[in-house]
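Here is the structure we will look at, set down as structure tokens.
The values are calculated or read from the model by the stated rules, or taken from the named source; none is laboratory data. From a predicted model like this one, the values you see are computed outputs, not experimental measurements. Don't worry about glycine lacking a Cβ; one is built from the backbone with ideal geometry, like all the others, and counts go over all protein chains shown. Remember, those area values only see protein heavy atoms, side chains included, never the ligands or the DNA or RNA. Shrake-Rupley method; radii C 1.70, N 1.55, O 1.52, S 1.80 Å.
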Amino acid sequence: MARIVALAANWWNLFVRLADPDQHREPITSRPLLLQAIGRQTQHAGQTTITITSPHGEHHRARRAFLRIAGFFARLRQTAELTDLDRWCPILSYA
């Protein structure tokens, strides 16, 4: 169980680093900000859109973080023809 918890904590740290690569954030403070959001997926005209609404008092910080992550994934999507190993290099270097 401890290994599973450690793995989840490592994935969370990687996710938060994608949101703000210049600053280390502790899970106890970053989880309420980034996890208290409601997401809704809609489809129209062949496009899928995810709308995220945050009731958090600092929702403007969460918005900036989600926009950074979305921009990073948009750039990463352009590397779809790379192998998994080649794709990990930009992920880890950015984070």
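So the values come out like this:
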{"quantity": "Cα-centre dipole for the chain with unit charges at Cβ (Lys and Arg positive, Asp and Glu negative), debye to 20", "calculated": "220 debye"}
{"quantity": "Of all accessible heavy-atom area on the chain, the percent that carbon and sulfur account for (1.4 Å)", "calculated": "59 percent"}
{"quantity": "Prolate/oblate/rounded label for the chain (Cα gyration tensor, a/c 1.5)", "calculated": "oblate"}
{"quantity": "Per residue value of the accessible surface for the stretch 4-71 (all protein chains in place, 1.4 Å probe), Å²", "calculated": "73 Å²"}
{"quantity": "In order through the stretch 83-95: 3J(HN,Hα) via Karplus (6.51 cos²θ - 1.76 cosθ + 1.60), integer Hz, x for Gly, Pro", "calculated": "6, 4, 5, 5, 6, 5, 4, x, 5, 6, 6, 5, 6"}
